[in-house]
Structure formats: C-alpha cells, structure tokens
Amino acid sequence: MNQEKNIVELEQMITLAGGRITCARCQAMSKRTKNQCRSPAMRGKRVCGIHGGKSTGPVTEAGRKRCGSAKTLHGRETRAIRAKRSEIMAELKVLGQQIRRWQVKP
C-alpha cells in the first residue's frame, strides 16, 4: 500500500485592518480540525501568544539547570531508563568483542 501524505501548505502572511496591515500568520495547526490558527504571529516568532509565542524558555542559569535535570518523560522513557540501556549496550559491546577475539578462525 502506497499512501501519500497530505501536505498542507500553511499561509505565511495575514492581512488585517481592511487590508492596511500585513503580518506573519501563526503557524500552529489544530489537532482536531487540522486548520491553521487564524491569529497573527508575534514579532520575531512563528506562533501567536496563545500557542507559545510569549514563552522565553528558562532565562537564568539556575532555571536552565532545573529544566535540564527535571524528570522528563517521552513515551515510556525517562533519563534513568536511557542511562541504564546505555550501560547495558556498552556491556554487550564488550562481550561481543571478547567473543570475536576467542572465536576460532578456520
């Protein structure tokens, strides 16, 4: 089955105030209706204030560290699970190298 993805072209600009003002349009898409947001984007941003344009992210060094060390969960993985998997894979790599070294070559 060959399925083609529907690529929706987003409108880049929006005209306001009866055609007197032209500005960037918010690039956010609705999950439910699959329509583009009708609001103008904030200056220097791709999205409006409702969709995250007001966010500056962590500003201070302490905020960046707190955000980085937070227990983040993506799917079923946490940082602890990823670290444990990394340790196991390193151990498997070492075992594989030892097996290859001890194999008898004909």
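The values are calculated or read from the model by the stated rules, or taken from the named source; none is laboratory data. Note that the structure is predicted; figures quoted are calculated from it, not measured. Don't worry about glycine lacking a Cβ; one is built from the backbone with ideal geometry, like all the others, and counts go over all protein chains shown.
Results, tabulated for the structure shown:
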read-out	value
Residue ID - farthest from the chain's Cα centre (by Cα), chosen from residues in region 1-47 that are modelled with pLDDT of 85 or more and among the aliphatic types (A, V, I, L, M)	Ala24
Among (1) exposed (fewer than 11 other Cβ atoms within 10 Å of the Cβ); (2) closer than 30 Å to Glu9 by Cβ, the one test that Met42 misses	(1)
Top-ranked residue in region 60-82 [being hydrophobic (A, V, I, L, M, F, W, C) and surrounded by 10 or more Cβ atoms within 10 Å (Cβ to Cβ); ranked as modelled with the highest pLDDT]	Ile81
